[in-house]
Each structure stands twice: as C-alpha cells, then as structure tokens.
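The values are calculated or read from the model by the stated rules, or taken from the named source; none is laboratory data. Everything numeric in this text was worked out from a predicted model, so none of it was measured. Here the Cβ positions follow ideal geometry from the backbone for every residue, glycine too, while neighbour counts run over all protein chains shown.
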Amino acid sequence: MKIELADAKKWIESFVKKLEDEKSTLNELDTAIGDGDHGTNMDRGAKAVTDSFDKKEPGNLADLYKATAFAMIQKVGGASGPLYGTAFLDMSKAVKEDNLELADLIQTGTDGIKRRGESDTGMKTMIDVWQPISEALKNDKFNQQVIDDALNSTKDMVATKGRASYLEEKSKGHLDPGAQSSAYLFESLLEVIGG
Amino acid sequence: MKIELADAKKWIESFVKKLEDEKSTLNELDTAIGDGDHGTNMDRGAKAVTDSFDKKEPGNLADLYKATAFAMIQKVGGASGPLYGTAFLDMSKAVKEDNLELADLIQTGTDGIKRRGESDTGMKTMIDVWQPISEALKNDKFNQQVIDDALNSTKDMVATKGRASYLEEKSKGHLDPGAQSSAYLFESLLEVIGG
Amino acid sequence: MKKIINNVEDIVPEMISGLVKTNSDLVRQIEGTTAVVRNDEKFKNNQQVGVVSGGGSGHEPLHAGYVGDGMLSAAVAGEVFTSPTPDQIYEAIKAVDQGQGVLLIVKNYSGDVMNFDMAKEMAEADDIKIKTIVVDDDISVKNSEFTQGKRGVAGTALVEKIVGGAARSGMSLDDLAKLGQSVIDNTKTIGIALHAATVPAVGHPGFELEKDQIEYGIGIHNERGYAVEKIQPSKKLAHELIEKILEEFKDQTGQFAILVNGMGGTPLMEQYIFANDVLKELDDKKIDVEFSKVGNLVTSLDMQGLSLTIMKANDEFIKYLKEPVTTIAW
Amino acid sequence: MKKIINNVEDIVPEMISGLVKTNSDLVRQIEGTTAVVRNDEKFKNNQQVGVVSGGGSGHEPLHAGYVGDGMLSAAVAGEVFTSPTPDQIYEAIKAVDQGQGVLLIVKNYSGDVMNFDMAKEMAEADDIKIKTIVVDDDISVKNSEFTQGKRGVAGTALVEKIVGGAARSGMSLDDLAKLGQSVIDNTKTIGIALHAATVPAVGHPGFELEKDQIEYGIGIHNERGYAVEKIQPSKKLAHELIEKILEEFKDQTGQFAILVNGMGGTPLMEQYIFANDVLKELDDKKIDVEFSKVGNLVTSLDMQGLSLTIMKANDEFIKYLKEPVTTIAW
Ligand SMILES: Nc1ncnc2c1ncn2[C@@H]1O[C@H](COP(=O)(O)OP(=O)(O)O)[C@@H](O)[C@H]1O
Ligand SMILES: Nc1ncnc2c1ncn2[C@@H]1O[C@H](COP(=O)(O)OP(=O)(O)O)[C@@H](O)[C@H]1O
Ligand SMILES: [Mg+2]
Ligand SMILES: [Mg+2]
Ligand SMILES: [Mg+2]
Ligand SMILES: [Mg+2]
C-alpha cells in the first residue's frame, strides 16, 4: 500500500493540527522526564509547516516531505527538530524517483532518526513508536492498538538517549514525549488511510 | 531623683536582657514598616554591652554609659546604633562631673537623639518615647501607663523620619520599632527605681 | 526560608571572606572589619582622592564588587540591610587616604547617613579631609525638607562609576563632591517587585504579593511601594516606569544614560527583554540614550523584580560611564 | 508564573535585541537569526580561528555574554531550553570564519549535538573547516557508551574562556580542539537546586521541593538529580560536592581552578558564602587553587541553587583563565 500526494498532505495537516491541539500535553510529558518544551517545539514546527504549505503548495510527494522536513529543521530546534527533520528529509529523497510502499517509507524515516540520533529501539524515544509501526505496516497489521501499544511500551522503559536518560531508573513510569508526538503522526496516518 | 551606679547597671542589664528576649518582636515590628532588622541590631548591641561589662566592670556612671554607648555604636549599625550610641555618649559626658537628676539625664539623651537624627517628636521614632518619659520624670509622673501611652502614640502617627517614612500614610497603624525598644529601656528603668 | 548559609550571624564576614579569597588580586579585607580595600599594584603607587562607599549588605555586588581601579577605593559592608558602624568606616577611610582627602558616597538612609557622619567626625579629628555625597535617586518616595527624603538605590552604582573615574583622573575632592552631587541630581530610579526579599534573620519574605501581582515603587530593603497591581506585559511596565521618571526631567533633549537593574532573583533574560522595551520606547520618544547597562548591579537579596534608572547625562558623565575599570563586578 | 516578558514566543528575539541594543559596541545580531557575533574593531581585522557556541536560551549570560575579544566569536541562541536550529548555527559559522576554520563548542544534549552536527555538514559543504568539542562536565550523571552521557553545564564557561583565549593567541583549529578536549576531560561539575526553574511556556516550576529540601545533582534544564534531602549548612553542602567531585580526580596534586556558579535566582551573597566554604575545605586538603570565580555564569532561568566546578588545571589553562577579555559578562 502506498500513500499519494492528496492523502499525504491530509496526513501531515492532521498531524500538525494535533500538535497544536496537544501542545500542553506534550509539554507536560516533557516536564516529567525532560525539559518541558516538546509541545512548544513541535507547535512551532507545526505552524512552520502550515506556513510553508500556504506559501507554496507542494507539487509532489518529495516536495511535501521536504517542506515538512525544512520547517521542522528550521523552526523546531531541540532534539526533535533534527530527528523529525531527518526522517522527513530522508523520506523526501526516497520518493524522489518513485513512490514507496508505506511500510518502506516509514522504515526510511525510522532509519533516518536512528542515524541522526545514534539510537535504536528500547531507548525510550520516538523510535519505539516508529519502528513498531513500520513493522505493523509490513505485516498489514497497522491499527490504533498497535500505536497505543507502541506508545505505552515506552512507559516502563528506562531511557538511555535524550534528556530522560539523565533520570536513569526514575525515567520509568512516564510516556516518552517524542513517542507521544510520533503517536499523533501515526494516528493521523490511520485517519487518512482508514484503520 | 537620681540613679546611682549599682541601679544604673541593673537598669542597663535589664534592658539588654529584654532586647535579647524580644528580638523577634522588634524584628516583626520593623518588618511591618521598616526593613526587619531592628531586633537583630539591638540584640547584637545587647550582647556587646554584656561583653563589655564582663570584660571591664564600669567603675562609675560615666564609664557605664560610655561602655553602653560604645557597644551600641560599634555593634548595632543601622539607624538605632548611632542614635542609642549618641544618647548614651551624651549622658556619659553629662555625668562626668556630677550625677544628674534622672529627668535631666533622660532629656540629655533625648537631645542627643534629636541632634544625631535631625528629628523631633511627632515623627514616629524613638523620640516619641524618650521625650514624654523625660517630661513625666520632670513632673514626677513616671509610670507604666506613661510608657504605654508614649509607645502607643506612635501607632497612629505618620512617619517622617527613618525607613517608615517611605510608607507615608501607610506607616499608620503600626508601632514604631525604635519606640518599642525604647519602651523596654524605660520599663527596665521603672523596674529598678520602682514604679 | 532556604538559603545557602551557615549561621545567620556569620553571613557578612563569611561573604566578605569568600569575595576576598576569590579576588585577592583586586581587593583585601581590612583586618578586624568587613571592609574591603583595593589591593592592586596601581593603587599602592597612586595619588588620588580616596572614594569610599558602603552600607548594609544584601545588595551585592554593591559596594565591594565595585572596588578597583577607576571606581571605589574601599567599601564597607554592614550587616544585612543595616548600615555599617562608624569604626569600620573610619578604618576604611584611613586605609585609602593618600593625603588628597576622601569622598564618602552614602545612600540616603538615616542609618547610613548617621554612621558615615560619625565616621567623618572621627576622621576629621585625624585631619583627613572628608566630603560626603548622599545618593537619593529613588523617585517613588516624596521628598520634603521635613522627612528623610528619597532613598538611594540602583543609581548609586552609576554615581560610583562616574565619581570613581573622575577620581582616577586626578580630580580634587571639592570638584569630585560637586560632580557627584550633579550626577545625583540628574539620576532617577523606580523599582518594581514580583516577590519580596527574605532577610535571613527574619526568615520569611518582607511582604506578600498575590500570584499575579507586582508592587511599584519598592525599595531595596523591602520598603513597600506606591501601588500593588496585576502584572502587565514588559512593554507596559517599561511604559509606566518611563512615564513616571520622565516627569522628573523637564528638559528631555541632550544625552541620557539608562540602567536596568535586576533585584537578585530575576534572571538576565527578563532584564534584557525589559531593557529592549525601554530602549524602544525611549527611541520612539526621540530620547538620545548614549549609555546603557543591564544586570544585577544593586540587588535586594533574593527579591524578584527590577528597577529602571534614567540619568540626564553630559559628555563628562558618559565618558566616565564608558571607561573601562578593573573591578569584580562592573 | 510571574515573569517580566511580553509574549512567550517573543522571549528569545526580544532578549537578544535587548542585549544587542545595550552592547552594540561589542556585538551585533546576525540578520534573520538570534545569533550574535563580535562587532568590535579588533574582530574586523583579526585573523584567528572562529569560536562559536550556542544552545537553548535560559542560561544567560551564557553564551551571548561571552562573545568578545578573547572568548567567543559568535553565539547562537535557541528557544528557551531548546537547541538552536542548524540554519542559524550555519549563519554564525559563516559570519566568523576568516579562513582558519571554526571550532564549535557544544554542550552534550542530543538536541545540541544533532543541530550543530547538521550545521557542520552545511558549512563543510562550503569548504569551511569545522571541528566540534562537546562539553560534558556534569558528573552527577553516569556515563556509558550506550547512553547520551554526561551533560554540559557550568564548566562550559571555563571551556569558552580557555579556548577563546587560545584562539585569540593564534592557535590552530586542530590544536584548539585538542586543548578544548583536554579542558573538558579535566572539568567536573555538580549542581544543587533549592527551587526549580519555571520554563515560561510551561508556567510552573519543573519540579517541587519541600520548604526545607534541596536536590543534589540537578541539571540546568530542571533535569532531576541524584538525591533530595534536607538542606544543610553551606559548609556541609560544600563538603558533599567537593567529595563527590574529588572522587573523579585521582591525582590531587598540581593546580586547580574552581567556579561557584549561581543558577539565576540565588543571590551573590550565598554564592560567596559557599565559595568561602569550598576554598576553606580545599585549603585544608592542601589543594592548590590557582584560579577561582564566583557568579551567575551559566544559569537556569530563575532556578535557585548553585553548582561547583573543579578543574584540574595547568599553566596554560590558568593563563587563559586569568587573561582579561572584553565581553558583556565574563
Ligand atoms: N538520540 C535520540 N534518538 C532518538 N530520539 C531522541 C533522541 N534524543 C531525544 N529524542 C526524542 O526527542 C524527544 C524530546 O524532544 P524535545 O523535547 O523537543 O527536545 P529536547 O530534548 O532537546 O528538549 C524525546 O522524547 C525523544 O523521543
Ligand atoms: N532620624 C531619626 N531620628 C530618630 N529616630 C530614628 C531616626 N531614624 C530612625 N530612627 C529610629 O530607628 C528605628 C529603626 O532602627 P533600625 O531598624 O535598627 O535601623 P534601620 O532603620 O537602619 O534598619 C526606627 O524605628 C526609629 O525609631
Ligand atoms: Mg524537551
Ligand atoms: Mg531596621
Ligand atoms: Mg537596617
Ligand atoms: Mg529543549
């Protein structure tokens, strides 16, 4: 299964809407185990994506993901800016020639995050949502339950990357904020492609 | 009526004891309309007076008042240090030749405070205790009621000298901390000479 | 009250000891006192009028932080919010007099004025020439011949800078006193507090403000101000303070200097935002700001808040304000 | 939350604008960014390796306050507690490169490391030589190959001072990176908090402590520490932190440097008292402290607390630490 330009745009638009709506949820999660700004950061990115789309309607998938990437890179800052930015930039490069299977697209993004963050699954980061979603898509089992499970799996992890890692054992018992924002991304995807 | 060395020493010793006991009362009064340190300041002075007497027993009235003055001048700081210091220094000078009538002694101290503070009665300061006590002594009417009335008279005054003056109208409704410490001084005197 | 201290009575001597230990190239402590005096090579050979200031502690870096080449010769620290005693001030005067006399810079509080006065009397008995200037820049308090008058607050740092520079350049005691007085006459300050200071010996804040309230016109010892109101955006606060201060300057042509001063518990971030708003508004008003400074210069323990100082300046003031000095904290 | 700000989104640009307006002889803002770069005459004619640092805002005066002759060439300010973006860092790199290359001083946070990395990739595409050093002086966090590692905190100011001095003296990019790394390897910090910082966008303190509690090992972004305990007298706090830090230095002979750093809401008075206790204890331990500094150098908004940094130094480190520089805040 692939996602085409119109739906992909709806996907991103729904994502940025959720980011704006859930700004304080994300800030609260980040206050518990980080520095309290993940919502503010992503909200800034969300507005930048909207501005970018308003200024120049993306004409193809590569442009859409690239515009998303640039907005994130230039406006989010923090850890999540380069991570989401790299994910979407790599996705943009990957679809330049030809659209990809959704599973491969998300795996490309996941790999970008792993490379930029020098990280992998089990470290209580957004990767713990991206990677399981990518698997689920491969196995045609992508649904709300998968997203919820992936997100909730971060709760009992001990963080080893990102700010939450400084808390060591005490990082347990809290959802990872980046995992939550990624969950919004995939909930938006689910809305668009139908659960 | 005059006060002689032994009683004068009892007087000052009772005063410094009250200052130590009432340190926080004085701080609280000064917190309301000043900077909160009058108790701490006078307590430092009290300890210095005791130290001084311990080191060298004053041999006559002039020495007693001078030792009290120097302890106040060198250890109290703030406004009250030079004021009490000047009062006792002037009293010491005045009794050098011959002891004075108590009424004159206290008037000498009062005048010293007025000179050093460039101040007078009605300004919501310690003078509003010293001056009425001096009058009462002249008229042989010195008693607890006079002290209480003098002290309480400061309550409804608007301060025009000292830190409380910055509060203008808002300085009303509070006792002046320096008037309270002076009230302790005269309560001690009353104890010694009998009310 | 949570404070990083040992015994409350030891606060000032321990603080001065910490300051001297970490800055021994610049200052030394005068034995038996909590006064500090210049310790640099230049001072030892210098022939200039001594400049001594001091006052209660709790306003750091004022005054000890401004001892050094081009500013103060010595600074005397009293107990927290309490004027130092005359004997300490007298020792500082003796330590800096080089035969040209000594200027005392005193903030206008009864205690400071009286203690410095007594010290002056002591030094004059030693034939040291002494002049005193009394800083009273806080315009939130009414002045009148019959009252204590206005308080000395953040403008003191600017007075010390200008007078200190002029003293270094060889100005005579009489001229320094005149210069200082003219700086004082042209320097106006108002402060605001978001949260009162906690005097260590008292243990709780000097007054309470609601979660959304600020107080206008507070002093640097928790003296209450002229109004308690809801907090406004920085722009509006800047506007309020500027309007109040400019009423004091009939002539708004010529050069001005400004100081945005943090009270000790307010981050630099907020001070810069406020300074930005002040400079924008002054620029709109076509007021020529030739010198500006931002920072915790004259604090009030852990008070949250800031003050704005505006000085009507001239070439001489600006020159001395801009000159480099070698101090701990300017 | 009471803060002297306008809109939360405008905090950083307004703060930078205030800083630049009040220090235009020293720094200018790079258009379209919240980066500041040296603006002094000497810089314009200078040929040296550029030194660029930056990070989230809220740590003022770090980094912009350290831009100037002998320290940083430019500083890039991100949003509050948020790394700046690569495009801004890239602009700063371009503004300071004089053909000798540019050293990036990065505090060890995933965000900072990643954004500076992306900027480095962009600059290398322009054939600018770039080296990066990553400061990780906070020993309250365990290090391991598999984790983010230790945080960069107050020691950063000392790294910027030494590296900045060496860059001014003409050191090459490669040597600067080596020098910087050796400073980092010898610099250890622990912080304590009495009260957490309030991030403006969040509106309440990052964590709560009881009236008599402090937290050991906190970071400069409200990162929780290793223990919450009753507050102790300053002496005991000094002892606790010194012991923890000295465990890291096997060799306690030779020269040391110390920094007592205020977190933004703690008055200088308490910092000096603590410094006094630290120096007393180090003196008892016969540790030779050749340089010490006290002040709000690397803050955490309005956090109340402080940190102690101890550096095992050598003649070169001490020389660059002591050298005068021309910056807003060193
Ligand atoms: N090295 C990393 N690899 C993958 N994800 C990371 C890494 N570091 C941080 N993250 C993610 O970034 C999120 C935090 O983002 P944000 O709060 O915006 O940045 P910052 O931590 O710089 O404040 C974390 O919740 C985590 O999901
Ligand atoms: N000019 C003055 N004349 C007479 N008494 C004064 C004057 N100024 C202050 N006082 C007295 O001093 C008291 C305050 O003393 P204290 O709190 O120890 O000093 P400070 O005001 O310097 O903190 C006031 O309550 C008042 O009685
Ligand atoms: Mg964060
Ligand atoms: Mg008082
Ligand atoms: Mg006082
Ligand atoms: Mg952040």
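Here's the yes/no breakdown for (1) of a type in the set (D, E, K, R); (2) within 12 Å of another protein chain (Cβ to nearest Cβ):
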site: D:236; (1), (2): yes, yes
site: D:247; (1), (2): yes, no
site: D:266; (1), (2): no, yes
site: D:300; (1), (2): no, yes
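Considering D:150, D:142, which residue is over 19 Å from the mean Cα position of the chain (by Cα), within 14 Å of chain A (Cβ to nearest Cβ) and not polar (S, T, N, Q)?
Exactly one residue qualifies, and that residue is D:142.
Right, residue B:47: surrounded by fewer than 24 Cβ atoms within 10 Å (Cβ to Cβ) and within 16 Å of ligand 2 (Cβ to nearest atom) or not?
In short, yes.
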Please work out which residue is nearest to the other protein chains (Cβ to nearest Cβ), limiting yourself to segment D:182-202 and to residues that are closer than 17 Å to residue D:153 by Cβ and free of Cβ contacts under 8 Å to residues at least 60 places away in the same chain.
D:184
Checking the structure you have, find out if any residue of segment A:88-98 is part of a helix (DSSP H, G or I), more than 22 Å from residue D:116 (Cβ to Cβ) and within 14 Å of chain D (Cβ to nearest Cβ).
no
How many residues does segment A:124-164 hold that are within 14 Å of chain D (Cβ to nearest Cβ) and either in contact (Cβ under 8 Å) with a residue 40 or more places away in the chain or surrounded by fewer than 24 Cβ atoms within 10 Å (Cβ to Cβ) (or both)?
11
Take residue C:82 and tell me if it is touching a Gly at 6+ places or on another chain (Cβ under 8 Å) and within 28 Å of residue B:126 (Cβ to Cβ).
yes
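Can you spot a residue in segment C:300-319 that is at positive phi and free of Cβ contacts under 8 Å to residues at least 60 places away in the same chain?
Checked against the condition, which is being at positive phi and free of Cβ contacts under 8 Å to residues at least 60 places away in the same chain, segment C:300-319 yields no hits at all.
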Which of (1) surrounded by fewer than 24 Cβ atoms within 10 Å (Cβ to Cβ); (2) within 14 Å of another protein chain (Cβ to nearest Cβ); (3) within 14 Å of ligand 2 (Cβ to nearest atom) is the odd one out, the single condition residue B:111 does not satisfy?
(2)
Have a look at D:163, D:153 and point out the one that is crowded, with 19+ Cβ neighbours inside 10 Å, assigned by TED's automatic domain parsing to the domain that holds residue D:103 and assigned to a loop (DSSP other than H, G, I, E, B).
D:153
Test residue D:99 against the criterion of being closer than 28 Å to residue D:42 by Cβ, more than 14 Å from chain A (Cβ to nearest Cβ), surrounded by fewer than 24 Cβ atoms within 10 Å (Cβ to Cβ) and within 16 Å of the chain's Cα centre (by Cα), and give yes or no.
no
(1) at the interface with another protein chain (Cβ under 9 Å from one of its Cβ atoms); (2) in contact with a strand residue (DSSP E or B) (Cβ under 9 Å, 6 or more places away or on another chain); (3) within 16 Å of ligand 2 (Cβ to nearest atom) all hold for residue C:54 apart from (1)
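Residues checked against (1) within 27 Å of residue A:34 (Cβ to Cβ); (2) among the hydrophobic types (A, V, I, L, M, F, W, C); (3) over 14 Å from the mean Cα position of the chain (by Cα):
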residue: A:100; (1), (2), (3): no, yes, yes
residue: A:117; (1), (2), (3): yes, no, no
residue: A:122; (1), (2), (3): yes, no, yes
residue: A:136; (1), (2), (3): yes, yes, yes
residue: A:174; (1), (2), (3): yes, no, yes
residue: A:181; (1), (2), (3): yes, no, no
If I go through segment C:113-139 residue by residue, how many of them are acidic (Asp, Glu), within 13 Å of the chain's Cα centre (by Cα) and surrounded by fewer than 21 Cβ atoms within 10 Å (Cβ to Cβ)?
0
State whether one or more residues within segment C:77-86 are more than 16 Å from ligand 5 (Cβ to nearest atom), surrounded by 20 or more Cβ atoms within 10 Å (Cβ to Cβ) and away from chain D (no Cβ under 14 Å).
no
Among (1) within 10 Å of another protein chain (Cβ to nearest Cβ); (2) over 20 Å from residue A:72 (Cβ atoms); (3) away from ligand 3 (no atom under 16 Å from the Cβ), the one test that residue D:128 misses:
(1)
Kindly indicate which of D:24, D:110, D:57 is among the hydroxyl-bearing types (Ser, Thr, Tyr), at negative phi and away from ligand 1 (no atom under 16 Å from the Cβ).
D:24
Please specify each residue of segment B:89-108 satisfying the condition of being under 19 Å from residue B:7 (Cβ atoms) and without any contact (Cβ under 8 Å) to a residue 24 or more places away in the chain.
B:94, B:98, B:104, B:108
Selection count where residues are within 22 Å of residue D:227 (Cβ to Cβ) and surrounded by fewer than 24 Cβ atoms within 10 Å (Cβ to Cβ), scope segment D:240-276
9
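Among the listed residues B:70, B:53, identify the single one that is closer than 23 Å to residue B:17 by Cβ, in contact (Cβ under 8 Å) with a residue 40 or more places away in the chain, more than 14 Å from ligand 2 (Cβ to nearest atom) and in a helix (DSSP H, G or I).
B:53
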Evaluate the following for residue D:90: is it touching a strand residue (DSSP E or B) at 6+ places or on another chain (Cβ under 7 Å), among the aromatic types (Phe, Trp, Tyr) and away from ligand 2 (no atom under 16 Å from the Cβ)?
no
Looking at segment B:27-41 only, could you name the residues that are within 11 Å of chain C (Cβ to nearest Cβ) and in a helix (DSSP H, G or I)?
B:27, B:28, B:30, B:31, B:32, B:33, B:38, B:39, B:40, B:41
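For (1) within 26 Å of residue C:175 (Cβ to Cβ); (2) small (Gly, Ala, Ser); (3) not assigned by TED's automatic domain parsing to the domain that holds residue C:198, each residue gets a yes or a no:
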residue: C:43; (1), (2), (3): yes, no, yes
residue: C:53; (1), (2), (3): yes, yes, yes
residue: C:69; (1), (2), (3): yes, no, yes
residue: C:72; (1), (2), (3): yes, no, yes
residue: C:77; (1), (2), (3): no, yes, yes
residue: C:94; (1), (2), (3): yes, no, yes
residue: C:99; (1), (2), (3): yes, yes, yes
residue: C:108; (1), (2), (3): yes, no, yes
residue: C:120; (1), (2), (3): yes, no, yes
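Can you pull out the residues in segment C:293-321 that are in a helix (DSSP H, G or I) and charged (D, E, K, R)?
Going through segment C:293-321, the residues in a helix (DSSP H, G or I) turn out to be C:315-321.
Result: C:315, C:316, C:319.
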Counting only residues that are hydrophobic (A, V, I, L, M, F, W, C) and without any contact (Cβ under 8 Å) to a residue 60 or more places away in the chain, which one in segment D:235-260 is farthest from ligand 2 (Cβ to nearest atom)?
D:256
The correct count of residues that are within 14 Å of chain B (Cβ to nearest Cβ), free of Cβ contacts under 8 Å to residues at least 40 places away in the same chain and outside any strand (DSSP E or B) in segment C:203-234 is 4
Residue within segment D:4-27 that is acidic (Asp, Glu), crowded, with 24+ Cβ neighbours inside 10 Å, facing another protein chain (nearest Cβ under 9 Å) and free of Cβ contacts under 8 Å to residues at least 24 places away in the same chain present
yes
